[in-house]
Amino acid sequence: MCGIAGFFYNSSDYEVFNNNINSMLSNIAHRGPDNHGTYIDIKNMFAIGHRRLSILDLSDKGNQPMKSFKGNYTITYNGEAYNHNNLRNKLKTEFQFSNWKSNSDTETIVNYMEFYGVEKTIKDIDGMFSIGVWDRKKNRFILARDAFGEKPLYYGWGNKIFYFASEINALIGSIGFINEINPRAISSLMQYSYISAPNSIYNNIYKVKPGQLIEVRPGIQNTTEHEILNYCKISNWFNLKDEIEKTKNTKDNSLPIKNIIEETISSRLISDASLGCFLSGGVDSSLVASVISTISKTKYETFTIGFNEKEFDESRKAKIISDYLGLKSNILILNEKKMLNIVPKINDIYDEPFADSSQVPTFLLSQFASQFSKVSLSGDGGDELFGGYNRYYLTKNIWKFSSYIPFNIRNNFFNFVLNMPPSIFNNFEKIINYVLPDHRKIKLLSEKIKKLSTKILDKKSMEELYISFLTEWNLDEIIINPEPTNYFEKFKKNQIKNLTFEENMMYFDTFTYLPDDILTKVDRASMSVGLEVRSPFLSKKILNLAYSLDINKKISKNNGKIILKEVLKNYLPSNLIDYPKQGFGVPLSSWIRGPLREWVFDNLNSQKIATQQFIKVKDLIKNYEIHCEGKINLSSKLWPAIIFCDWYNRKF
């Protein structure tokens, strides 16, 4: 796992290239603390660079940028190719090639290109990656990102430069960077708590989407914005929709599910550095931990974060599971002091405004795990592929019930619910919990009912209801000149005909929420402390497995991940599996009312925020005051606006 950067620039001065590429790399040094290197091609006017976090072959033979054995390809690469030994065996069998200088997967990839070319190589990789490679044979430069978007990759242009990098921070460190905000990005942040691809927070800087390949021709640095597409060809080396449709059309319910999961997780254990596992106590991470405890002789350590607030804490359950599996459990309890120390630094960790509040425990978990290991496995992707989120069954169930009620009556009822005092729900929660077993007790009932009521208000279709579960702000409430990212239209346009409504939600989340929120959160948090996180569920084999199954193997009644729970019963007793989904939540509501109140107040009331032309500050402050009164929890709406204000105060 590493950081990459590069640029094309109209100059023949070596020092200009050398100084600029090193400036870019210094801004992402946290992604690769073990080594850094550069490659400069004055003739073709480009430079590429690499920051290395050594995982496979810890020697300097794995350093980058790296040339292929014939010199036709020069690569800077961030990621892991879990099947790289299989690729080497293929070269030996088909071409009798075994001229290896290292055990690095980078060398495998760049030499594989000599035999199969760039596009075929990228398709044959089983892993996560962002790649920049100079193809001398075809006089072109290729950028490519993995199928699910585990590894980030940005590109952009301005002032006679075309540049790319793993993080925007590297582009900020380059000549030609223009500090100009993209208004559409702010609208996306307020709507969804993240900036939807391909946009970034800056104009003329874009995210390479998952599965995309961009072919760049020398001379691109001299083009105008209107000419850029003549030198920059964008295509898809992997198409999620096509892959799902192909799987559905050749559905095979006889697949050995347990074996496929075990083989995939096993392949993710390849490492010359220490390795562990995140364990929340949920189905996904428990399955990953269970498999590695069974198939490996090494007793890996698990890493868990907990909270003093019982309604958010799952560390006790995670400890029981870890002990049952014979793994050493490491638990960090997140207290107010730890939280207060990190929240004001969040915008330094995430290179553009990002507002999934679980970013706080994710960073602290990564920081904690990095003290014990250099690699950690996680359960990310299990929810999107196997139906783990509540919205996958709630949307249809709620709409089935509420659609029978006339629109006006329905709206009046939920408005009434929103105005009910929280004490009514809190008292009801106490009565119900008195008779329920511990693992079935209701938590945060008032907040959940009021949030649900807000989502149902004004909705006229099941599609609208689903999108409301993804959305925080109505843009007219918060943005001065809204430029919305219309997920409602995008969802309708991208539905796959032979999928159920539930599967279409899962598919939509897989190419939006998963890469732009979940994987962004994990990548920036972990790489800021030099930790590589691997997600075994994010493989094409597991994707094909998930969409080969009938929907009732994923979602049934009010339960998700049915098949994963069945597989998990091979490793854990039922009482450790049958727990309601909790998620990686944080007590954000009380934080911003209490210990973070001064920080929030200062950010919302700064002179810079008062004079900016993007968000409606008075309306934001009014919503914050309502939240602080304790009548309604608006924390999930407020957080993206607070994050933006803090980011803006720092950058301008």
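The values are calculated or read from the model by the stated rules, or taken from the named source; none is laboratory data. Here the structure is a predicted model, which is why all the values come from computation and not from measurement. Methodologically, a virtual Cβ is constructed for each residue, glycine included, from the backbone with ideal geometry; neighbour enumeration extends over all protein chains shown. These area figures cover heavy atoms from the full protein model, side chains too; ligands, DNA and RNA do not enter into them. Shrake-Rupley method; radii C 1.70, N 1.55, O 1.52, S 1.80 Å.
Summary of computed values
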quantity	calculated
Helices (runs of 4 or more DSSP H) enclosed by the range 583-629 - at least 2 residues per element that are under 30 Å from LYS561 (Cβ atoms)	588-593
When residues of the range 370-401 are limited to those that are surrounded by fewer than 21 Cβ atoms within 10 Å (Cβ to Cβ) and among the hydrophobic types (A, V, I, L, M, F, W, C), the one farthest from the chain's Cα centre (by Cα)	PHE401
Of the criteria (1) open to solvent by 10 Å² or more (accessible area, probe 1.4 Å); (2) of a type in the set (D, E, K, R); (3) in contact with a Gly (Cβ under 8 Å, 6 or more places away or on another chain); (4) more than 20 Å from PHE17 (Cβ to Cβ), which one ARG184 fails	(3)
Residue count for the range 166-221, restricted to those that are within 16 Å of the chain's Cα centre (by Cα), outside any helix (DSSP H, G or I) and among the aliphatic types (A, V, I, L, M)	3
First in the range 85-100 and over 21 Å from GLY127 (Cα atoms), second anywhere and among the basic types (Lys, Arg), Cβ under 6 Å, 6 or more apart	SER98/LYS92
Some residue of the range 121-135 being surrounded by 17 or more Cβ atoms within 10 Å (Cβ to Cβ), outside any loop (DSSP other than H, G, I, E, B) and at pLDDT below 95	no
From LEU543, LEU596, LEU499, residue being open to solvent by less than 10 Å² (accessible area, probe 1.4 Å), touching a residue at least 60 places away in the same chain (Cβ under 8 Å), at negative phi and over 23 Å from the mean Cα position of the chain (by Cα)	LEU596
Listing of helices (runs of 4 or more DSSP H) fully contained in the range 443-488 that carry 3 or more residues being modelled with pLDDT under 95 and open to solvent by 60 Å² or more (accessible area, probe 1.4 Å)	445-456
Spans of strands (runs of 3 or more DSSP E) in the range 230-311 with at least 1 residues at pLDDT 95 or above and open to solvent by less than 30 Å² (accessible area, probe 1.4 Å)	275-278, 301-307
